[in-house]
Amino acid sequence: MMKFIKKLLKIGFILVILVVISIVYTGYSHYKEAISEISISEKVDSVKENVSFVPLEEISNDFTDAVVAVEDHRFYEHGAFDFISLIRASLVNLKAKEIKEGGSTLTQQVAKNLYFSNKQQFIRKVAELFVAFDLEKTYSKDEILELYVNIIYYGEGNYGIQKASTYYFGKSPAELNYDEATYLAGLPQSPSVYGANNNLAKRRQVEVMEALTDYRKE
């Protein structure tokens, strides 16, 4: 009986390995297909050529710090993938019995927004990770953060911090004060919800402020 169970376990392990290999291979194929249509450097250049693109030095430090604090507080410490954050997010989600945190790094989110849809699937996540590795090899952390804040969606039809800061506060990104910066930094988690509901956005802002306080203590 034990021999039979061991045999089943071995077969199961082999099947799992084969499934993982298949997902990785398919994800890699999607990645190669995406960058063959337009290279990462061309994609990045097209983002920077947009009239609403704002250089990092022209954005409020409160805003950029808040984004890193709430979205990926170990951003400057890890590479394209952050195993620690993934485990932490999984534990938080299990405890809450709902998806409250994602495990994606800022670099992975940039990769997704440059090339892929928001549809959650393992194959897309694998393809996204390959792009993220390329981004980390080619661009600095500040350049990746700059891309993130300029392409992410903030709700109410606003993509990029220039449009968001103008729409919500009638200001340029450099003029945002602490309250405005932390408000906007919370929107990308669920832009369609927070962008249209100020009360929920304010609750999210409290989470951002707490994260920013902890981040600046480190």
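The values are calculated or read from the model by the stated rules, or taken from the named source; none is laboratory data. As the structure is a prediction and not an experimental result, all values here were calculated from the model. FYI the Cβ positions are ideal-geometry reconstructions off the backbone, even for glycines, and counts take in every protein chain you see.
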- Can you spot a residue in segment 89-100 that is over 17 Å from L135 (Cα atoms), in contact with a helix residue (DSSP H, G or I) (Cβ under 7 Å, 6 or more places away or on another chain) and modelled with pLDDT under 90? yes
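Here are K125, K163: which of them is under 30 Å from E42 (Cα atoms) and modelled with pLDDT of 95 or more?
On inspection, the qualifying residue turns out to be K163.
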- Query: Within segment 184-191, is even one residue more than 22 Å from Y76 (Cα to Cα) and not hydrophobic (A, V, I, L, M, F, W, C)?
  - Reply: yes
- Consider S52 against the criteria (1) within 21 Å of the chain's Cα centre (by Cα); (2) among the polar types (S, T, N, Q); (3) part of a helix (DSSP H, G or I): it satisfies all of them except one. Which criterion is unmet? (3)
- Name the residues in segment 23-46 that are under 19 Å from T138 (Cα atoms), in contact (Cβ under 8 Å) with a residue 60 or more places away in the chain and of a type in the set (V, I, T), would you? I35, I40, V44
- Note on the structure: Scanning segment 57-74 residue by residue, those outside any loop (DSSP other than H, G, I, E, B) and within 17 Å of the chain's Cα centre (by Cα) turn out to be F63, T64, D65, A66, V67, V68, A69, V70, E71
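Among the listed residues T182, T166, T138, which satisfies the condition of being among the β-branched types (V, I, T) and either more than 20 Å from P55 (Cβ to Cβ) or touching an Asp or Glu at 6+ places or on another chain (Cβ under 6 Å) (or both)? Break it down into steps so the answer makes sense when it comes.
On the way: T166 fails: either more than 20 Å from P55 (Cβ to Cβ) or touching an Asp or Glu at 6+ places or on another chain (Cβ under 6 Å) (or both); T138 fails: either more than 20 Å from P55 (Cβ to Cβ) or touching an Asp or Glu at 6+ places or on another chain (Cβ under 6 Å) (or both).
It is T182.
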- Kindly list the number of the only condition in (1) over 23 Å from L184 (Cβ atoms); (2) at pLDDT 95 or above; (3) not hydrophobic (A, V, I, L, M, F, W, C) that fails for D142. (1)
